[in-house]
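Quick notes on the structure that follows.
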Amino acid sequence: MKDYFSDLKREISNCFFTLRISWQINKAFFFIKIPLLLMGVISSFFPLIFLRLILNEIQEGQNITKVLIYAGGYALALLCINLANNLLGIVLDRQTKKTVYGTQEFLGKIVMQLSYSDLEQPRMKDFIQKAQSSNLFFEIINNLFSFISSLVTLVGMATIVVTLQPIILAMIVFVVLLRLLVEKRNRKTYEKYRNIFTPIMRKVGYLNSIMRTIEFGKEVRINNLQDYILDKTMDVADNEYLYENKGQVKELAKTNLLVDMAVIAQECLVYIILAYKVFFGGMPIGDFSMYMTGINSFTGCLQGIISSFSNLRKNGEFSEDFRYCVEMSNKSRQDKTVCLSSKDIDAVELEFRNVSFKYPNTDRMILKNISLKLKQGETLSLVGVNGAGKTTFVKLICRLYEPTEGEILINGIPINTIPYEDYCNLLGVVFQDFKIFAFSVAENVALSTNYDMSAVERCMEESDIMKKVESLPDKSETFLSKEFNENGIEFSGGEGQKLAIARTLYKNPPLIILDEPTSALDPIAEYEIYQKFSNLVKGRTAIYISHRLSSTRFTDKIAVFSDGELCEYGNHRDLLSVENGVYKNMFEMQAQYYV
């Protein structure tokens, strides 16, 4: 029993948490729902009152005028209620759409604010799938209003039912309690299969994205993957989803059969008692209609209360995933103690102190006890074979992950004490897997709809992409995709990388990181980019990663990684003098291809 109330408290708390978010998103939605609820309650009593009066008057045959007055009053009342419902329905439809867009925006925002390390975890992906696939906001609001409406209506109907025959009331309560027990068991079944269905639906969603998005379009067509992808999708649908769905249906059918039988027994009892009252007790036909309607309404209200309450509990379980995402998002962006403004800093000093790191849920250390200091305005090249730890080193600087051990400092300040947005303003990063957005060229550089066009053009000139942009039909306003504009164009990999470099130059941060930004360029173009970039970043701290060692000739320091350790550190000339050194061997191995 203690566990029951503990679960109940948690589920209700989750519901109210989601309701608070709904209220923040669109208060007007609630104000429209309230009068609709009141009209629903009032209209449920109309048949009881008017039909009883009309039928009794017809049976007694006393006054046809009264019958017409009652019928007219009933029709007028229904007309007014329906007109009000239709008018409010139009407003509600608009507010519903506004709430839908608001919830999508809110959910998108909290997902974007989740820490990168959380976002990569399959468990978090399942949480996000549940939070976004369930229409939580509307389900909770509708179930709450349904619960209140049924409860208010129940009070009035109960006074009618109890005056007829208390045994009917007892029978109805018994059936409803039985339904409550069944709903409790069904809820466990739903929860069990929800956890089973979530990863399956995520898999189906991924396969559908392969079929529908242009991202996979070339691979699918060139490799004739149509049948292969369809077969995999149907295999998941038939052998996983439909198989599990069949088990869910069987479990629910067994418990629901018992309730159906009890409902039939209840209705038979009601009809027997009412028939006896009419034939042997002299009950007027209008009273028969009133009691029949009242009993059905009372039963419906009780079932509505149980169903709404059960659904609210189920929503409470669903919204726990949503709440978890929100709280994790808030946690990852919580205020820190130090504030740095990138506008006041021209360069930064970066220091790693005994930093070690392993990815979540793994045991292998990717970085082992790394210590180095990069002074303000110095440049650094990261060198090493694939898997040596270079990209992980950059991810730690970007705070996509937190060190397992040790700390990272900017200008002597631990970076985890700096508010995240302020910290990001210090960084300009061109990732190896950079992304081009389906916006205009200028927006892709500025990452904003408000930008300084002269600065955009200067940065494109410096990154050597301006000549290409000038050849486009709409110049800087050309869209870089056909996603939203049929005249959009696609950049090559090298052109995209130059645009990504222009984006970093436009941001003009004090710390610049280039994670293999020239991998799609030929060696000569790469050399020219690094030579130009070396002049552009003078006075600013910069870090380069490249498998081709073009960048090392232009940087002050070189950090050589091997198996997660910093095995060599110095400048180009110093490291070439190390006999059998890792850097020397790599440099000479590459140099022979250019001699």
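The values are calculated or read from the model by the stated rules, or taken from the named source; none is laboratory data. For clarity, every value in this text was computed on a predicted model and none was experimentally measured. Don't worry about glycine lacking a Cβ; one is built from the backbone with ideal geometry, like all the others, and counts go over all protein chains shown. Keep in mind that these areas ignore ligands, DNA and RNA; they rest on the heavy atoms of the full protein, side chains included. Shrake-Rupley method; radii C 1.70, N 1.55, O 1.52, S 1.80 Å.
Within the set Leu207, Leu177, Leu181, the sole residue that is out of contact with any Cys (no Cβ under 9 Å at 6 or more places or on another chain) and modelled with pLDDT of 75 or more turns out to be Leu207.
Would you mind listing the helices (runs of 4 or more DSSP H) fully within region 34-132 where at least 1 residues are at pLDDT 75 or above and under 22 Å from Thr198 (Cβ atoms)? Before the answer, list the steps.
Details: elements: 52-60, 64-113, 116-119.
Helices (runs of 4 or more DSSP H) meeting the threshold: 64-113.
For Glu351, the conditions (1) modelled with pLDDT under 80; (2) open to solvent by less than 50 Å² (accessible area, probe 1.4 Å) are fulfilled apart from (1).
Yes/no matrix, rows are residues, columns are (1) aliphatic (A, V, I, L, M); (2) open to solvent by 60 Å² or more (accessible area, probe 1.4 Å); (3) touching a residue at least 24 places away in the same chain (Cβ under 8 Å):
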residue: Lys368; (1), (2), (3): no, yes, yes
residue: Gln376; (1), (2), (3): no, yes, yes
residue: Gly406; (1), (2), (3): no, no, yes
residue: Pro414; (1), (2), (3): no, no, no
residue: Thr417; (1), (2), (3): no, no, yes
residue: Tyr420; (1), (2), (3): no, no, yes
residue: Leu426; (1), (2), (3): yes, no, yes
residue: Phe434; (1), (2), (3): no, no, yes
residue: Ser440; (1), (2), (3): no, no, yes
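Among the residues of region 568-589, write down those that are open to solvent by 50 Å² or more (accessible area, probe 1.4 Å) and either assigned to a helix (DSSP H, G or I) or hydrophobic (A, V, I, L, M, F, W, C) (or both). Even if it seems obvious, please write down each step before you answer.
Of region 568-589, the ones open to solvent by 50 Å² or more (accessible area, probe 1.4 Å) are 569, 571, 573-574, 576-580, 582, 585, 588-589.
Within region 568-589, Arg573, Asp574, Leu576, Val578, Val582, Asn585, Glu588, Met589 meet the criteria.
Summed over region 457-477, the residues that are within 16 Å of Lys498 (Cα to Cα) and not in a helix (DSSP H, G or I) give a count of 5.
Yes/no matrix, rows are residues, columns are (1) more than 25 Å from Ala542 (Cα to Cα); (2) over 25 Å from the mean Cα position of the chain (by Cα); (3) assigned to a loop (DSSP other than H, G, I, E, B):
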position	(1), (2), (3)
Pro403	no, yes, yes
Val429	no, yes, no
Phe434	no, no, yes
Asn450	yes, yes, yes
Ala455	no, yes, no
Lys482	yes, yes, yes
Gly488	yes, yes, yes
Gly494	no, yes, no
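Of the listed requirements (1) at negative phi; (2) open to solvent by 40 Å² or more (accessible area, probe 1.4 Å), Val456 misses just one: (2). Please enumerate the residues belonging to region 545-567 that are outside any loop (DSSP other than H, G, I, E, B), crowded, with 17+ Cβ neighbours inside 10 Å and at pLDDT below 85. Across region 545-567, the qualifying residues are Ile545, Ser551, Thr552, Phe554.
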